[in-house]
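Chemist: The structure's right below; bear with me while I get my questions together.
We did not get these values from a lab; they are worked out from the coordinates using the rules stated. Here the structure is a predicted model, which means the values were calculated and not measured. Cβ placement follows ideal geometry from the backbone for every residue including glycine, while neighbour counts extend to all protein chains displayed.
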Amino acid sequence: MSRDVVFYESIFPFQKQVPTTNSIPMTNPQNESIPNVSTEPMNFNYNSDDIDLETEQEYHGHSETNSSSNSPGSPVEPQNDQNVPVYPNIRASTRHTKPPAWFNDYVMHCNHISNDDNFSTSKPSKILKSPHCPPTYPYLESSVLTEEHKCFLASVSKLNEPTSYEQACQDIDWIAAINKELQALEDNNTWTIMPLPQNKKPIGSKWVYKVKLKSDGTIERFMARLVAKGYNQTYGIDYLNSFSPVAKVVTVRILLSLSASNNWFLHQLDINNAFLHGYLEEEVYLIPPQGYHKAKEGEVCKLNKSLYRLKQASRQWHIEFCNKILSFGFKQSAHDHCLFVKGEGSDFMALVVYVDDVLITGPNEALIKQVKEQLHDAFTIKDLGEASYFLGIELLKTDKGLYVNQRKYVMDILADVGLTGVKPAPTPVMKNVSFCADQGKFLQDPKKYRRLIGRLLYLNFTRPDISYAVQQLSQFLHSPTDVHWKAALHVLKYLKSCPSKGLFFGKGSSPMNITAYSDSDWASCKDTRRSLTGYCIFLGKSLVSWKTKKQKTVSRSSCEAEYRSLAATVCELLWISFILRDLKVSFKIPISLWCDNKAAIHITENPIFHERTKHLDIDCHLVRDLYKSGFIVPQHISTTRQLADLFTKGLCNPQFQFLLSKMNLDDIHHQGSS
């Protein structure tokens, strides 16, 4: 209890007393005139230095004033009463208090406390309002960007897309987009209106809305896409085969790296109604979509051509696209079926397709435009010009090279989770932190956790710095706990510190060197005691491939875990070499493969077989044969300089920043403030 509290056991200030002649006179409220109150607002300047403690004590002693003796707006003067005791002066506490602990997780960007950061009960500090300070300042800086790119970022950031048909009906632009899509479906003979046959079950549909942008950031069009609820289809009845390939992310990175290194033209385009070009082989019936009024009651739409999100839609579209692009003289890669190449030298072109989004690069812009015209005649395309926003990835080409990041995607995640004002963290995961399945309490709603981890997995396209953290958290999608959720939020706190960090592909020259780093974390999983594989591969100075993955079997030693990691890295190197040969890119061999385990290097270079390595026979033959053929050369590197260490464990901030600086990542938005 505070030492400033004084007790008066014999004094009862609130006790009822008999009125005396010295009592305060009462007034008749009926005869009392109502004073005229000024309509101007009154300013109350609070200052604790101006407060008179004696006046405050008299007020608490129930002193009152005669309203008739005071003019309107004049201060109330308390009257002395002999029956009211006078208390001694009480000293105000001068003890300083700290802000609540939960303030530590947030950046107080709007309330800046002057002079003293501590909160005081004796004298409140003045609060300075700063409405011009955004939640992400200074983590996003635009002073180094061109005016065109600023306009593009402004257009991308302010877009709001409806999530339901009811919301879309409130905007005339989206209504026009819906009508345009329905008309295109009818013109394409996508369906036939007919009564539903017996023993047939129709599937539903929904509308998906997206704003398409031009290369300069202006709105190209409002797109309303009718998609089928393919999850209602039944295998063997309304679909059979459904597999369809998409471009590998490593292929896209390699193509971007080559385009920047050779200063090639890089264009993008979008196929109009791509899935509507595939022909169906099965009978599929669709419930008439919202906004379509030509079907009578009891009638359905029998699909003649595929529709988006049908089980077989992507497969039929890919078959149709391959037939057309091969007829133009392109050759399909045998190692990535979504990569097509044509010509040599100055006439070389490379094309990669991701569903219906296409990237084309090459040194001859006239040939690129010719391919666009051919595709437009076959499918009707939207020419988006030079690539700037591909699959949610921002591309910025400068004199130095190509910047690739997912700034808007990061900001959308932070906004959806409600962490735009969170205090940033220096690393995505704390050092020496490990996760297991039985930590903490299970989440009542695991969907939010699964959704967040899925978005972080897609963010890994340009963010190798979160690869380890995302891999660890993605193991618990079936039953996440509050510990896993807090760790996922910690990753977002790290992303808040550098939302626009991403890959940088600089200009270079051929032939290009391939460099690989391989590492493992032995028996790191507490639930299964399996080891973790981590590697990263550079094409020149550009990081094009990385992975963090749990090994399939338990390793009996750290040497065995390192050797299995070497085998996984060698397989990736072999595949990348095939892609580069398809792209007709020369590279130097042998490829340097850096490892920090000398025992694993000795097993690679020497025919060592005994009881501790005989179960590694397949991996031994794979790595050793490629070493003998001169494809790779293993080299030793210290653990402190092992770049792949970033993909196998949580590190302290200095070591994390040191290894990250070697990855050739860059932040174009933060250069002006650094």
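Chemist: How high is the FRET efficiency from Val249 to Glu297, r the C-beta distance, R0 45 Å, rounded to 0.05?
Modeler: 0.40
Chemist: Now for a separate question. Which far-off residues, 5 or more places away or on another chain, put their amide H under 5 Å from the one on Val422, with H placed in the peptide plane?
Modeler: Sorted by chain and number, the residues that satisfy this are Val107.
Chemist: Next up: Roughly what would the spin-label model give for Lys628 and Leu196, points 7 Å off Cα along C-beta, in nm?
Modeler: Roughly 6.6 nm, to one decimal.
Chemist: For Thr146 and Phe103 in one chain, what is 0.36 nm times their gap in residues minus the Cα-Cα distance, to one decimal in nm?
Modeler: Answer, rounded to one decimal: 11.8 nm.
Chemist: Find out how many positive minus negative residues lie around Ile579, taking Lys and Arg as positive, Asp and Glu as negative, among other residues whose Cβ is under 15 Å from that of Ile579.
Modeler: Net charge in that neighbourhood comes out at +2.
Chemist: Gain in length, Thr640 to Asp482, computed as 0.36 nm per residue apart minus the alpha-carbon separation, to one decimal in nm?
Modeler: 53.6 nm
Chemist: What pairs in Lys212/Lys294; Lys400/Lys448; Lys493/Lys549; Lys294/Lys324; Lys229/Lys447 have C-alpha atoms more than 31 Å from each other?
Modeler: As for pairs spanning more than 31 Å Cα to Cα, those are Lys400/Lys448; Lys294/Lys324.
Chemist: If you don't mind, there's one more thing I want to ask. Quote to one decimal, in nm, the extra length available between Phe328 and Cys652 on full extension: 0.36 nm per residue of separation minus the C-alpha distance between them.
Modeler: Fully extending the segment from Phe328 to Cys652 adds 111.3 nm.
Chemist: Highest first, please rank the peptides 479-488, 196-205, 657-666 by the mean number of other Cβ atoms sitting within 10 Å of their residues.
Modeler: 479-488, 657-666, 196-205
Chemist: Report the local net charge at Gly534: Lys and Arg +1, Asp and Glu -1, summed over other residues whose C-beta lies under 10 Å from its C-beta.
Modeler: Local net charge: 0.
Chemist: Please give me the summed charge of the neighbours of Glu283: other residues whose Cβ is under 10 Å from its Cβ, Lys and Arg +1, Asp and Glu -1.
Modeler: -1
Chemist: Determine, from the Cβ-Cβ distance of Glu281 and Asn664 and an R0 of 56 Å, the FRET efficiency 1/(1 + (r/R0)^6), rounded to the nearest 0.05.
Modeler: 0.70
Chemist: Can you figure out the FRET efficiency of Val554 with Lys212, using R₀ = 56 Å and their beta-carbon distance, to the nearest 0.05?
Modeler: For Val554 and Lys212, the calculated efficiency is 0.70.
Chemist: Let me know the shape class of the range 262-417, please: from the alpha-carbon gyration tensor, a ≥ b ≥ c as square roots of the eigenvalues, rounded when a/c is under 1.5, otherwise prolate if a/b is greater than b/c, or oblate.
Modeler: oblate
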